[in-house]
Each structure stands twice: as structure tokens, then as C-alpha cells.
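Let me begin by presenting the structure, written as C-alpha cells, before commenting on it.
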Amino acid sequence: MSLLDEIVSAFADLDEERTINLVKEALEKYPLNEIFDACRRATDIVGERYERGEYFLSELVYAGHIFNRILELLLPRLERERVSILGTILLGTVEGDVHDIGKNIFKAFAEAAGFKVIDIGVDVPPQKFVEAVKEHKPDIVGLSGLLTLAIDSMKRTIDALKAEGLRDKVKVIIGGGRVDEYAKNYTGADAWADSATKGVKLCKELLGIKE
Amino acid sequence: MHYTDFEDIAEQRLRRIEAAINFREPDRVPLNLPLDFGFRARWYGITTYEFFFDYEKAKKAIIKTATDFPTDFPPSTIIGSGLLIGFLLKDYPEIAPLFGALTGPMHDILRDKYTRWPGRELSPNAGSFQFIGGEFMRADEYDKFVENPSEFMAEVVVPRAHQSLERPGSAEAMAALIRAALEGLKYIKFTDSLINELAKLGYPSANATALTLVPLDFLGDYLRTIPGVLLDLRRKPDKVKEACDALMKNLPYRTFTFKPISSIMIPLHLNEYLSPKLYYEFYWPYLKNIITSFYNRGIRCHVAFEGRHDAYLESILELPKGWGVAFFEKTDVRKAKKILEGHTCVMGGVPPTLLLNATPSEVEEYVRKLLEEVMPGGGFILATSAPIPAETPPENVKSVIRAVEKYGVYRR
Ligand code: B12
């Protein structure tokens, strides 16, 4: 098995220390793009195992944690080396809601898949989303929320984007355990996801990226 | 309304609930519609800041909404969050209820770090107060915790979690505790009078009188944060297990009244997160033990199975029949009812997102279809699967009430 394949299997099996050691080793031998690709393959497997009911949320949280540790190792090189990105996602938990465990998992999975993610935190008011869209010009705006009242905040955020003439310049995806088709229609989003893997897949679709 | 009328109504509502819990068909399906604090404040025309910081206004808002949106269960009389100190006082029943809830004024006094409030950290009309939790115990402190959980919580966690109690034994800390107790007294008087007024509207006092948490959830909510516990489960499962066992030996709970405990509320948080391996080692044995031992003392548990509990529905059958009420949030109540038929009373069924967006007739149709499937045989209480937020069109809430009266009747 090549070193990269070993990373994929250690990461997918959630063997934290082994994964970290292998990534350290790989850093000296491989271009960043290939290490990222291994991470993407690993998180794909984690996602599949979750969908099949072999992994549970505790495993997703842990996978996110491992990926963040990997990112820390890659960061110094990320500043020097260009990696290709699929697109930019501006992500935040909407006003009135402070849940962020799910948002952070989605962020890790999206980054592993090759998106650049700008995370603007929790309890983010609509106006702050508007300003961040102007500043970062993302391809996608991702709104996270777990409270029922977050659905209304999502709507107000999307309305604020409309009012500023920004709605047509971005795709909007909403996510979190309580969003559904109703919520998508009510808020005027382009897509909804209640799982990170579904979310990543939809983000690719929204940008017309083929698997 | 005559004096006896409201007693009759209360009696009728209580009978309805009791029948459902005991798997007899009541006259109609009992209804529980938890309106959240923001909804009540808006309907009465005040901000949530006013609601949380002025008990009199809160009382009026609750009475108004309980009148205009009648259901079988009384509204929650706990106007606040969970006060950590309350968990430490269960051996002092003569004062414990004073610290049963963390109210807005109490937050001002104790300056806790685990909640945020409208008009304080939040805008004056934010949807609700927010419980945010916190990491008040470090990952390397499990041994100290296990040695003596209540001592560790009282001496290390409480000072870390409340700014006013940062220096235990200081005049500032003593003053804060005394002021908090006086505030608690005011609050208890308020809940007593609220319960009396609700009785005049025909509401039985059917609320849980205490609250406890499964040890792992206690670690997640108040000590290590939820992501923290999940990492600990990977990195030091033995320590986590020891901590759960230590908590179990002297299970902390908060009481809300000076009367003897009659039923206890247990909200579950980590259930949905855990793989079967973790669930059956770190969660279920404790939950089962808690429910069974309360049951043996004649105390009924109200368990909120948050998230998707599908993977573990069957295990509920290991509990003694009629142990209490299982409230489901994201789990399909149709499925739950089928599996738990004749064993556990199921509550839930209406997602609040439906009420946010549908028309009243769509709501009615949804309730009709649902009831058709789940009402036969009793053992079912219709409820929204989460509190109804302020933005919900009130006519949709009324539509649920009408639909139950129309389609939830077992016999005329
Ligand atoms: C953990 C938790 C907390 C923690 C949050 C810690 C944190 N840092 O996030 C704490 C204890 C602080 C907390 C506080 C509160 N909570 Co809470 N909490 C939960 C709990 C148990 C789990 C939520 C969770 O993390 N799920 C796991 C994650 C991984 O799932 P997820 O978020 O759905 O994310 C996945 C997908 O949806 C997707 N995803 C997520 N975001 C995004 C974004 C995009 C763009 C995409 C594409 C995908 C995506 O990817 C993830 C991975 O697959 C739930 C109950 C439950 N089991 O769901 C209640 C729950 C969400 N909380 C609830 C409530 C009411 C509260 C409080 C308001 C309580 C209070 N009165 O103070 C406060 C909230 C304060 C506030 N204003 O936000 C209610 C909400 C009810 C409702 N429908 O409105 C719930 C449902 C519990 C209940 N009562 O039934 N809570």
C-alpha cells in the first residue's frame, strides 16, 4: 500500500495518531494536492459509512477533529503552495442560534472535498452575512441552524441578500438537523442538507461540478 | 366560569393524560403544545427581555397564552435555564428548589458563564435566553472529579462557571449566594401563584417536578462540552466511564418545588451521537438504571429522546411497562408507537417547521392523517416535537388544537 493509501485507511478508520504520523511523513514526499486528495477519499469513506449506519455522529465529530489536526500540519505549506479549489463557501450559523457542532463537521468535509471555506461563526446577523459576501465574493453561502427559529433567521438572511442585489451572485444552501423541504421553500434557498456528505454533494451540483 | 367548572376541566384533562399513559383510550387524544417563551411574549405584546426579567409580566403573558391556546398540559412554569448549583443541593430539600432554575435576575446576580439573555448579552427581543454550556473541567481533571464529584463541582466547577463566585469564601461570593437565594424565594412565590392561576383556568399541575441528566450528558452540558466529551470517549474512555459511575452513585438532580417529587424530566442529548458500542456501554445502562430506580420509588420519568433515536427504540422495551412518557423529537412517532405499543406512552408528532410554513388546512390534514395511524389503543399524546417559536403563525397553532378536537376523539 502506498503511503497515501495508508493515510486514507488510517483516517477512514479514525486512527488519529497513526493518521497524523503518516501525514507528517507524507509532507516530505508528496505535493499538497495529493495529500488533500487522500483526505477527500478518506472523508468520502467516512461519509459512506455514516450513510450506511456503520458510523454515527460521534465518528463524524471525531473525523472532523482529525481533519482539523491535519490542516494544522498542512497550513505552513498551504501559504506557499497553490492547491486547486472547487469554489468558495461562506459559512455561518444564523442569528439567534449558537449550535456549531454540525457546522464544523460540514466545514471539515467541505474543505477535505476541496472547497475553500470561510467560517464567520455563530449567531451571525443577516447584515454580517451581507458584508461578508461583499468582502469575500463566495460562490456559495452556507447557512447553518438547529433551532426552529433559525429557519426564520435564514429567511431574513436570504431576504437581506436579495435587498442588496447579491442573491443572484451566489448559491445558497441551508443545513442543520431541522431543515427540510418546507424550510427550503420558506427561506428561498437553492438547496438543503441535513448531513455533511449530502451538503458537500449538493455544493458540487450547485456549481455544476461533476463527480 | 364557576368554581367547579375549572376543577372539572382540570380533572378531565388529568384523566385524559392518565388514560393515555396507562394505555387506555381516553375521551380524546391529549394535546401538549409547548409554546416557547418568545411566542408567549410576542402574543402578550412584550419583549423577551421584559418576559425574563419581570416575573409579573411573564405571568400575565403565560396566563394570556394559556387562555388563548388551550391544551391539556399546563405551560412550563420554569422561566429560565438550568442552574448548576441546584444539582448540588439535593441533600438539602428544604432550600434546593430556590436554586431549581436560573432566571434572568439570577443570571445578573451570579454572572454565570453558561447562559446568555435578552437585554444582556443578546438583543432585548432575542427569541429566548440561550444555554451555551462551557468547559468548566479540563480533560486532565477526571481523576480529581472521580475522587469526589460533588466536592469537585462545588469547589472547582462552580467558581469557574459563575463570575460572582470566582473567589469562594469571599464577601462577594457570599453576598451573591445570599442574594441568589432571596431571588429564588421571589421566583418560587411567583411559580406558586402562577400554578394557582393556571388551576383557575382548568390546568392540572402535570409538569415534572424535578430534572436530571444521564451522567454522560451532565459531563457534556456542564463540565466538558459535547465535542469535549466525544473526544474524551476516544482518548480516555476509562476515565469517562469512571466519571459516569461516580455521578451515578449520587445522581445529581434539581427540584422545582417543595412538594415531594412526583415526576422527573430527563432530556437526552448524546443519545443520537453514539454508535451502538458507545451507547450500550456509556449511556443506556445509566439511563435504564435511572428510570427503573425512579419507577421503583413510584416516580414517573418524562424522557425527551432528542434527535433521531431510531437505532435504539427496541431497547426501551427493557424498561418496566408504564415507566413514564417517551417524547420523541426527530424520530418518526408512527414507528415508535408501533414498536412501543402497550409498553410505553409516546408523545410528539408535529414538527414545528410545518407550523411555520404550512396553511391552517394543511396543518389540519397533517394532524388528521397522523392521528388516524397512531391513536388507536391509547398510549399516545400529540405534541409538537419542539417548542413553537414566536414567528409561527398563531392560526396554525389554533389549527392543531381544532384538529385534535375534531379527529382525536375516541368516543363522544
Ligand atoms: C448539542 C446540542 C446543544 C449544545 C450545542 C453545542 C454546540 N457548540 O453546538 C448546547 C448544549 C450548547 C445547546 C444549547 C441549546 N439548545 Co441544543 N441541542 C443540541 C443537540 C443535543 C445536538 C445538536 C447537534 O450538535 N447535533 C449533531 C450535529 C452533527 O448535527 P447537525 O447540526 O444536524 O449537523 C449535520 C447536518 O445537519 C449538516 N450541517 C450542519 N450545518 C450545516 C450547514 C450547511 C450549509 C450544510 C450544507 C450542512 C450542515 O452537517 C452535519 C453533519 O452531518 C440537539 C438535539 C439533537 N439530538 O439534535 C439539541 C437541540 C438542537 N437544542 C435545542 C435547544 C432548544 C437548545 C437551546 C435553545 C436550549 C435553551 N433553552 O437554551 C440552546 C440553544 C441556544 C441557542 N440560541 O442556540 C433544541 C432545538 C429545538 C428546536 N427545534 O428549536 C434541540 C433539538 C433539543 C430539543 N429540545 O429537542 N444545544
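Laboratory data are not the source of any read-out in this text; all were calculated from the coordinates shown. What you are looking at is a predicted structure, and each value in this text was computed from that prediction instead of being measured. Cβ placement follows ideal geometry from the backbone for every residue including glycine, while neighbour counts extend to all protein chains displayed.
What the table shows:
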item: Residue among B:R402, B:R40, B:R111 with the largest mean-square fluctuation in a Gaussian network model of chain B, springs linking Cα atoms under 10 Å; result: B:R402
item: Test item: B:350-358 mean partner chain Cβ contacts at 10 Å; result: 5
item: For residues of A:99-108, the mean tally of beta carbons on other chains within 10 Å; result: 1
item: Global geometry of segment A:88-206, whether rounded, prolate or oblate, following the gyration tensor of its Cα atoms and the 1.5 cut on a/c; result: rounded
item: Efficiency of FRET between A:L78 and B:D54 - r from beta-carbon atoms, R0 56 angstrom, step 0.05; result: 0.60
item: Among B:S315, B:V367, B:L354 the positive-end extreme of the charge dipole of segment B:302-376 (Cβ point charges); result: B:S315
item: Cα-based shape type of segment B:1-148, given that a ≥ b ≥ c are square roots of the gyration tensor eigenvalues and the cut on a/c is 1.5; result: oblate
item: Helix-only CD estimate at 222 nm, as mean residue ellipticity for chain A, using -39500 (n - 2.57) per DSSP H run (n ≥ 4); result: -18500 deg cm²/dmol
item: Computed helical MRE - 222 nm, chain B, DSSP H runs ≥ 4 contributing -39500 (n - 2.57), nearest 500; result: -13000 deg cm²/dmol
item: Part-to-part distance (alpha-carbon centres) for segment B:120-175 and segment A:158-182, which is given in Å; result: 38
item: B:E147/B:I178 FRET efficiency (R0 30 Å; Cβ-Cβ; nearest 0.05); result: 0.50
item: Around B:N296: net Lys/Arg minus Asp/Glu count, Cβ-Cβ under 14 Å; result: +4
item: Average partner coverage of B:221-227, which counts Cβ from other chains inside 10 Å; result: 2
item: Nearest 10 degrees, 0 to 90: helix A:3-12 Cα axis against chain A principal axis; result: 50
item: Electrostatic dipole magnitude of chain B [Cβ: Lys, Arg +1; Asp, Glu -1; Cα centre; debye, to 20]; result: 380
item: Long-range HN-HN contacts of B:L35 with modeled amide H, under 5 Å; result: B:I388
item: For segment A:43-48, Karplus couplings with θ = phi - 60° (6.51, -1.76, 1.60), whole Hz, Gly/Pro x; result: 5, 4, 5, 4, x, 4
item: Over 28 Å (Cα to Cα) - which of B:K239/B:K335; A:K162/A:K201; A:K116/A:K210; B:K90/B:K144; B:K90/B:K398; A:K184/B:K335 fall in this group; result: B:K239/B:K335; B:K90/B:K398
item: Relative contact order of chain B, defined on C-alpha pairs under 8 angstrom at six or more residues apart (%); result: 22
item: Computed E for B:Y280/B:K64 - FRET, C-beta separation, R0 45 angstrom, nearest 0.05; result: 0.45
item: Segment A:1-107, dipole about Cα centre (Lys/Arg Cβ +1, Asp/Glu Cβ -1), debye to the nearest 20; result: 300
item: B:D112 long-range amide H proximity, modeled H, under 5 Å; result: B:Q163
item: Farthest positive-ward along chain B dipole, Cα basis, beta-carbon charges - from B:F190, B:S76, B:G119; result: B:S76
item: Two-site label geometry, B:R297 and B:D27: point separation in nm, points 7 Å out along Cα→Cβ; result: 3.5
item: Net length gained if the chain between B:E7 and B:I401 were fully extended (0.36 nm per residue, minus Cα distance); result: 139.7 nm
item: Gyration tensor (alpha-carbon) shape descriptor, chain B, a/c threshold 1.5; result: oblate
item: Segment A:88-206, relative contact order [Cα under 8 Å, separation at least 6], %; result: 29
item: Student exercise, the protein assembly as shown dipole from Lys, Arg, Asp, Glu Cβ charges, in Debye to nearest 20; result: 960
item: Spatial separation of Cα centroids for segment A:61-95 and segment B:296-311, in angstrom; result: 39
